[in-house]
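Handing you this structure, nothing more for now.
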Amino acid sequence: MKDSWYREPWAWLVFILPFTAVVAGITTYIIANTNPDTLVVGDYYKKGKAINLEVNKVKTAQKLGMRFDLQLTDNKLLIKPTGIEKKFPLLNVNFFHPTLEDHDFYLALTPDGNGHFRHQFDHEISGKWKVTISSFEGNWKIQDTIGLPQSGFIAFIPDPIKAQ
């Protein structure tokens with residue numbers, strides 16, 4: 001007496017393996033199309049020249065003695081100048097997310113009475129960020145990659161290696 005095909009365990013093994021591959025392929029396709037990668041820079045020569053300009057800006061910050069302390073707790077950003085004694089009318093602060101370009105944002109901060117720069121976020125800023133602090137004129141800059149939030153102060157010191 002012969003059993004029906006669906007009662008045979010080998011038949012299910014033969015059907016399940018290709019079915020699993022099809023489900024995995026469809027899932028991979030959906031994931032790849034809902035989170036597309038950003039494009040690679042097309043003109044590498046121009047990008048290389050721009051990197052050299054960025055390194056020169058960091059070296060300028062080094063020569064001027066620029067240093068800042070940054071703290072982000074309870075969605076409150078505080079940036080304190082700790083280098084040279086100079087008043088800054090405006091600081092440009094850029095936050096770049098390492099993988100999601102649409103999360104990047106820019107702040108133009110003015111100092112309070114103590115010369116500190118503050119900003120209150122309406123949402124939590126967490127994770128790994130590349131933060132750039134630069135002058136309004138754009139003649140110097142400091143950048144570093146940090147993890148946020150942090151209860152202590154993070155020292156922003158010009159380092160030409162981090163500008164690349």
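Going through region 106-131 one residue at a time, which ones are under 19 Å from the mean Cα position of the chain (by Cα), in a loop (DSSP other than H, G, I, E, B) and in contact (Cβ under 8 Å) with a residue 24 or more places away in the chain?
Matches in region 106-131: 121, 122, 123, 124, 125.
Yes or no, residue by residue, for (1) farther than 30 Å from residue 36 by Cβ; (2) of a type in the set (Gly, Ala, Ser); (3) in contact (Cβ under 8 Å) with a residue 24 or more places away in the chain:
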residue	(1), (2), (3)
93	no, no, yes
97	no, no, yes
100	no, no, no
133	yes, no, yes
136	yes, no, yes
143	no, no, yes
157	yes, no, yes
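Among the residues of region 40-57, are any more than 30 Å from residue 101 (Cβ to Cβ), at pLDDT 85 or above and not in a loop (DSSP other than H, G, I, E, B)?
Step one: filter region 40-57 for residues more than 30 Å from residue 101 (Cβ to Cβ), giving none.
No: region 40-57 contains no residue that is more than 30 Å from residue 101 (Cβ to Cβ), at pLDDT 85 or above and not in a loop (DSSP other than H, G, I, E, B).
Please tell me if residue 84 is under 24 Å from residue 56 (Cα atoms), among the β-branched types (Val, Ile, Thr) and either modelled with pLDDT under 90 or out of contact with any strand residue (DSSP E or B) (no Cβ under 7 Å at 6 or more places or on another chain) (or both).
On the way: under 24 Å from residue 56 (Cα atoms): yes; among the β-branched types (Val, Ile, Thr): yes; either modelled with pLDDT under 90 or out of contact with any strand residue (DSSP E or B) (no Cβ under 7 Å at 6 or more places or on another chain) (or both): yes.
So residue 84 fits the description; yes.
Let me ask something else. Please verify whether residue 73 is under 10 Å from residue 141 (Cα atoms) and in contact (Cβ under 8 Å) with a residue 24 or more places away in the chain, treating the condition exactly as stated. So that I can check it myself, show each step before the final result.
Numbers: under 10 Å from residue 141 (Cα atoms): no; in contact (Cβ under 8 Å) with a residue 24 or more places away in the chain: yes.
Spelling it out, it is not the case that residue 73 is under 10 Å from residue 141 (Cα atoms) and in contact (Cβ under 8 Å) with a residue 24 or more places away in the chain.
Restricting region 92-105 to residues that are in a loop (DSSP other than H, G, I, E, B) and more than 21 Å from residue 73 (Cβ to Cβ), which is modelled with the highest pLDDT? Give the derivation first.
Step one: list which residues in region 92-105 are in a loop (DSSP other than H, G, I, E, B), which gives 97-100, 104.
Now drop any that are not more than 21 Å from residue 73 (Cβ to Cβ), which leaves 98-100, 104.
Values: 98: 85, 99: 83, 100: 83, 104: 89.
The selected residue is 104.
Here is a follow-up. Only one of (1) modelled with pLDDT of 90 or more; (2) not assigned by TED's automatic domain parsing to the domain that holds residue 154 fails for residue 116. Which number is that?
(2)
Given 151, 134, which one is modelled with pLDDT under 90, part of a strand (DSSP E or B) and not aromatic (Phe, Trp, Tyr)?
Values: 134 fails: modelled with pLDDT under 90.
The match here is 151.
The values are calculated or read from the model by the stated rules, or taken from the named source; none is laboratory data. All of these numbers come straight from a predicted model, not from anything done at the bench. Cβ sites come from the backbone with ideal geometry, for glycine too, and all protein chains shown count toward neighbours.
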